[in-house]
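The values are calculated or read from the model by the stated rules, or taken from the named source; none is laboratory data. These numbers were taken from a predicted model, which means no experiment stands behind them. When we count neighbours, we look across all protein chains shown, and the Cβ atoms used for this are built from the backbone with ideal geometry, even at glycine.
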Amino acid sequence: MIRSVVLAVRGMTYVEATVALGASSLHIARFHLLPAVFPVAFAQLIALTSSAILLESSLSFLGLGDPTQKSWGSILFYAQVRGSFLNGSWPWWALPPGLLITSSVLALAALGRGLERGSPRISP
C-alpha cells in the first residue's frame, strides 16, 4: 500500500515539475513523499498493533505465551485453568481482561479507520 502511494505521488505533475527544476531526491522525499506516506504508514502501524495484541493474547490464552510475562491472555488462561468459570468468579477474573482486549483493539481499529479517512486522496 505504501509503495503504491509513493508511486502515485512520484508520478504527479508537481513532483515532476520539482524534479525538472533540479530539486534533490532528499528534498522530494522530505517535502512531497513523506507527507503523503505518513498517514498511510501510521494507519498500517495501528492495524499491526491491534493484530499483535490479538495474537499475543490468544497465544497466551492457549498457554503458548511467555509464562514469566504478565498479559491479558495469561490472566484469561489462569482463570480458565483454575476453574473461575465453574466456581462463579469469572466476572472478576475473565471479564476485565476480555473487555480490555476488546476495547483496545476496537479503539485502535477506530483510530486507524479515522486516519485512513482523514488522509488526503491521491489521484494521478
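Would you call R121 at pLDDT below 90, outside any helix (DSSP H, G or I) and under 28 Å from L7 (Cβ atoms)? So R121 passes the test. In summary, W92 fulfils each of the numbered conditions (1) modelled with pLDDT of 90 or more; (2) part of a helix (DSSP H, G or I) with the single exception of condition (1).
When segment 84-114 is filtered for residues that are within 19 Å of A52 (Cα to Cα) and either surrounded by 16 or more Cβ atoms within 10 Å (Cβ to Cβ) or among the charged types (D, E, K, R) (or both), the ones remaining, listed by number, are P97, G98, I101, S104, V105, L108, L111, G112, R113. When you check P35 against the structure, is it without any contact (Cβ under 8 Å) to a residue 24 or more places away in the chain, under 21 Å from I101 (Cβ atoms) and of a type outside the set (D, E, K, R), yes or no? No, not satisfied.
Of the residues that make up segment 59-82, is at least one under 30 Å from L7 (Cβ atoms) and either of a type outside the set (K, R) or touching a strand residue (DSSP E or B) at 6+ places or on another chain (Cβ under 9 Å) (or both)? Within segment 59-82, not a single residue is under 30 Å from L7 (Cβ atoms) and either of a type outside the set (K, R) or touching a strand residue (DSSP E or B) at 6+ places or on another chain (Cβ under 9 Å) (or both).
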